[in-house]
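These notes concern the structure reproduced below.
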Amino acid sequence: MARFAILVFPGSNCDHDAYHAAKHVFGQDAHFVWHKEEALGEADVVIVPGGFSYGDYLRSGAIARFSPIMKDVIRFANDGGLVLGVCNGFQVLCEAGLLPGALMRNASLRFACKDVHLRVENAETPFTNEAEVGQVLRISIAHGDGNYIADEATLDELERTNRVVFRYCEPDGTITPEANPNGSARNIAGIVNAEGNVLGMMPHPERCVEAILGHGSADGAIVFRSLLQHVGETVAA
Amino acid sequence: MYTAVVTVTLRPSILDPQGKAMQHALHDLGHGAVQQVRAGKHIEMQIDAASAEEAERIARQACEQLLANPVMEDFAVTVEQAEGTPAA
């Protein structure tokens, strides 16, 4: 059974969704880790969940990044442990320096809460090995600060090393400015670190693991199935 | 005691949608002369330091570690002796 450690900051609000997906939908072991803890405990996967840690004060993720637990998350990631940051979790991982770039205010200045389409750009990561390159997923977003930015050299490096994992696209997989919900550079919705064991993404796969709760889409399940495949678990759901 | 005032702004190369929105609103109000608006953050800190130089060093460190994100932001720091406190 795979062990999921799910961080909880003051203001996290997708921690229970992540727990429900890991524990009840995929039948795995899951436990919450309060941000004041200093050790993750036994874990195969760490999820940094969505929400508004510390009320997004200063910058999204900027304060959470210094919570006591983050030292162990950085240690875990540097040891090759699997870390999935969703939405605010992506922001925290960027602030912590585990992923390059930053998430700015949406170009529209509006909070974006809707389903978007994502094209899988790399299907060889621990998070997407059950998907195919070019596959289109329908997954929810809910964020005000999802506008991914990095300098041109970093963006080129991300593309050259195939570290852009998901891009916002049309339902048919075409990449257009109209499909970009927040102004992200090059329609980037999710990236991995150089080693491939840390993924940050703005859309919420944990909200779309059951069709009945995911506006008819269970496409987010592919991220969990990939993780379980990667750690050698038989996939139940 | 010193007062450090930190101004954090988006780097010039980065489009500032808040500034754009304010500029549009100002144009709607008839202020066509306003050519550019950039938004930022104003942060004040009271710093207990032995000298203005030390207070500035602490303030700059605070900016580098936490208050500004160098991926997208620049910062400026000014330090003054806080009102009503003796010179160090």
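The Cβ shell under 10 Å around residue B:36 holds other residues with a net charge of +1, Lys and Arg each +1, Asp and Glu each -1. Within the straight-line cut-off of under 27 Å between alpha carbons, the lysines reachable from residue A:71 are A:23, A:36, sequence neighbours fewer than 8 places apart in one chain being disregarded. Considering only A:222, A:148, A:122, and ranking their Cα positions along the charge dipole of chain A that arises from unit charges at the beta-carbon of Lys, Arg, Asp and Glu, the one farthest toward the positive end is A:148. One chain, two ends: residue A:13 and residue A:31. Fully extended at 0.36 nm per residue, the span grows by 4.9 nm beyond their Cα-Cα distance. Working note: 222 nm ellipticity from helices only, DSSP H runs with n ≥ 4, each -39,500 (n - 2.57), summed and divided by the residues of chain B, gives -8000 deg cm²/dmol to the nearest 500. The residues packed around residue A:86, meaning those with a beta-carbon under 12 Å from its beta-carbon, carry a net charge of -2 if Lys and Arg are +1 and Asp and Glu are -1. On a C-alpha basis, how far is the centre of region A:1-51 from the centre of region A:114-131 in Å? Whole number, if you could? Going from one Cα centre to the other spans 21 Å. Inter-label distance, residue A:112 to residue A:213: 2.4 nm, where each label sits 7 Å from its Cα along the C-beta direction.
Helical runs assigned H by DSSP (4 residues or longer) give chain A a calculated mean residue ellipticity at 222 nm of -5000 deg cm²/dmol, each run adding -39500 (n - 2.57) before division by the residue total.
Summary of packing: across the peptides A:216-225, A:201-210, A:49-58, B:54-63, the per-residue average of other C-beta atoms within 10 Å ranks them, highest first, as A:201-210, A:216-225, A:49-58, B:54-63.
Sorting the segments A:25-31, A:74-80 by their residues' average number of neighbouring beta-carbon atoms within 10 angstrom, most packed first, yields A:25-31, A:74-80.
Candidate cross-link partners of residue B:20 among the lysines, defined by an alpha-carbon separation under 27 Å and a same-chain spacing of 8 or more, comprise A:114, B:41. Once each part is reduced to its C-alpha centroid, what is the distance from region A:80-98 to region B:23-88 in angstrom? After rounding, the separation between the Cα centres reads 28 Å.
Which of rounded, prolate or oblate describes chain A when judged by the alpha-carbon gyration tensor and an a/c cut-off of 1.5? The shape class here is rounded. Under the criterion of Cα pairs below 8 Å and six or more residues apart, the relative contact order for chain A equals 20 percent. In order along region A:15-21, the phi-based Karplus estimate (6.51 cos²θ - 1.76 cosθ + 1.60, θ = phi - 60°) of 3J(HN,Hα) comes to 4, 6, 5, 5, 4, 4, 4 Hz; Gly and Pro are listed as x.
Values in this text are rule-based calculations from the coordinates and carry no lab data. Please read all numbers here as calculations on a predicted model, not as lab measurements. Don't worry about glycine lacking a Cβ; one is built from the backbone with ideal geometry, like all the others, and counts go over all protein chains shown.
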